[in-house]
2 protein chains.
Amino acid sequence: MRTLYHYPLCPFSRKVRIVLAEKKLEFDERIEKAWERRDEFLELSPGGDLPVLVEQNGTIFGDATAICEYLDETHRDSPLLPAEPEARAEVRRLVGWFDRKFHDEVTRNLVDEKVTKRLTTVKGAPDSRAIRAGFAHIHQHLEYIAWLTERRTWLAGGYFTLADAAAAAQISCIDYIGDVPWDRHPGAKEWYAMVKSRPSFRLLLADHVPGVPPPKHYADLDF
Amino acid sequence: MRTLYHYPLCPFSRKVRIVLAEKKLEFDERIEKAWERRDEFLELSPGGDLPVLVEQNGTIFGDATAICEYLDETHRDSPLLPAEPEARAEVRRLVGWFDRKFHDEVTRNLVDEKVTKRLTTVKGAPDSRAIRAGFAHIHQHLEYIAWLTERRTWLAGGYFTLADAAAAAQISCIDYIGDVPWDRHPGAKEWYAMVKSRPSFRLLLADHVPGVPPPKHYADLDF
C-alpha cells in the first residue's frame, strides 16, 4: 500500500493529502512528528522534512511540490494542471505564492508560533511580534483570493488545480487554529466553502491534533 | 524582445537567468530594486516579487519555479528535466531542497542579513544570531552536494538539470559575498567548478552590485 508520512498541521502535507484524494488514490496515513527526528524517518527523508510518500513499489518521494507534480503526471484523470504551458505557469505561480509567500507571511507566523513551538521541543515562548505580523498579512492574501475568484471560478481558472490545493492547504491550517477572519472576507469565504465541500477535503476536516482541538466551525460546511 | 526583471543577489532571479542561458534564449535584463516597489513593477508582479519574465508577446510570468518549468516545457532542446516521472520527481525534490531549505537556512541568513538589509530600506542592524546560523548550516548542504556528486555526475543524475540550476543559484549568491568555505568542501567545490565553466554561468560571473564588490575568486574558474 502507498504510505504518506505527514503531520496534520503541516500545510505541505495537507497539499499532498488533497491531491491524493482528488486523484482517488488509496493510501495509508502515518502521522510523523518530524521534530523527533526518528532514525527510520530520516532514512526516508535526508532533511527530516514532511511530507514523504512511499509508493507501492517502495520508491520514496520527498518535497510536496515534487510529489504533487509526480502524482499529476502519473495519474491523468482529474488533471490538476491544465494542458497549455502558459496556463500551467499561472497555476504554478499561484502554488509558489501560497507555498512560499502565504506560508512565510502567515502560516509560519501563526501556526508555528502559536502551536508548533508548544508541541515540539523548540525552546521559547511564542513571538508576539511574529503573531502580529501574521494577523496583519492574512488580509491581503484573502483579498487576493477574492480578487482572483471574482474573475475565475477557481484560483487559476475554470477548474480546481494545484493552486487551489496549495492555498487550501495553508488556509485550512490557519482555520484549524481559528485565526481566519472570515467575517471580513466574504469572497475568500465563498471560495473556501467550495473547497470544503469537495470529497477530497473530508480527510482534512476530520483532523484532530491531541491537545489542540479545532474550533467548531472548522469541519462545518456551513461556517 | 523577452525581458527579465531581476536583481543580481536574488537567488531565484539567478535560477531563471541560468535556465534562459542554458536554453540559449536571448533576453534583456532589467535590474529591479523590488524593495522600492515601483508602480510599474507592481503592475507586472502583484506581490512585488522577483523574478518576472515578460515574453515577446507581452505575456507576464512570475515565480521562478513556474518560469523555469514553462521554459523547459516550451523549449525542448537541452531539457532540464528528465522524461521519466520518477526522475523528474527527484530533480524537483532537489529544486525544493535548495529553493526552500538552503535558502531559508543559509542564503536568507547570510545574504539578506549582511547585504540586503544594508542596501534596502529595511531597518535594523544585521542579526548576528542569524549570521551564525547561516554559517552553521552551510556545511551540511555542501556535504550533501558532495554526497550526491559522488554517486552522480550532476546533482540529480547524468546531466545538468533544474536541480543544479537551483543549487548553483543559491550558492553563487553566497560565493558573491565570499562566504562559501570551499577549502573544507572539495567535493562540492568540484561540482561548482563544473557549473562555473558552463557558458550559461558567464552572465552571473560578470555581476557587480554597486557598493558590494565580489571577492576576486568569484569570477575565477580556477578558484
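Values quoted throughout were computed directly from the atomic coordinates according to the rules given, and no laboratory measurement underlies them. Since the structure is predicted, the reported quantities are computational estimates derived from the model, not experimental observations. Backbone-built Cβ (ideal geometry, glycine too); neighbour counts: all protein chains shown.
Data for the structure
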| quantity | calculated |
| --- | --- |
| Computed [θ] at 222 nm, deg cm²/dmol, the protein assembly as shown (DSSP H ≥ 4; -39,500 (n - 2.57); rounded to nearest 500) | -13000 deg cm²/dmol |
| Relative contact order of chain A, pairs being alpha-carbon contacts under 8 Å that are 6 or more residues apart, as % | 23 percent |
| FRET E, pair A:Asp183, A:Arg152, Förster distance 30 Å, beta-carbon r, rounded to 0.05 | 0.80 |
| Two-decimal Rg to Rh for segment B:107-223 - Kirkwood Rh, Cα set | 0.98 |
| Set of aspartates and glutamates near A:Lys216 by C-alpha distance (under 12 Å), chain-local residues within fewer than 8 positions excluded | A:Asp175 |
| 5 angstrom amide H check on A:Glu32, placed H, neighbours 5+ away | A:His6, A:Tyr7 |
| Share, in percent, of DSSP beta bridges within the protein assembly as shown that are antiparallel, nearest 5 | 65 percent |
| Sites A:Ala83 and B:Ala136 - FRET efficiency at Förster radius 56 Å, r taken between beta-carbons, to 0.05 | 0.80 |
| Phi-based couplings in Hz for segment B:19-28 (Karplus 6.51, -1.76, 1.60; Gly and Pro marked x) | 5, 4, 6, 4, 7, 6, 9, 7, 7, 8 |
| Along chain B, longest interval not containing exposed trypsin sites (Lys or Arg not before Pro), exposed being DSSP loop plus at most 11 other Cβ atoms within 10 Å | B:124-223 |
| Cα pair distances exceeding 16 angstrom across segment B:99-176, given as percent | 53 percent |
| Residue-by-residue Karplus 3J(HN,Hα) for segment B:175-185, coefficients 6.51, -1.76, 1.60, Hz, glycine and proline x | 5, 4, 9, x, 9, 8, x, 4, 4, 8, 9 |
| Per-pair calculated FRET efficiency, R0 = 25 Å: B:Met194 and B:Arg30 via Cβ, rounded to 0.05 | 0.25 |
| Which listed pairs, of A:Lys33/B:Lys189; A:Lys101/A:Lys189; B:Lys15/B:Lys114; B:Lys24/B:Lys117, have C-alpha distances above 23 Å, in listed order | A:Lys33/B:Lys189; B:Lys24/B:Lys117 |
| Fraction of beta bridges assigned by DSSP in chain B that are antiparallel (%, nearest 5) | 65 percent |
| D_trans [Stokes-Einstein, Kirkwood Rh over alpha-carbon pairs] for segment B:3-74, 20 °C, 1.002 mPa s, µm² s⁻¹ | 177 µm²/s |
| Nonlocal amide H pairs with A:Trp154, under 5 Å, H built at 1.01 Å | A:Tyr159 |
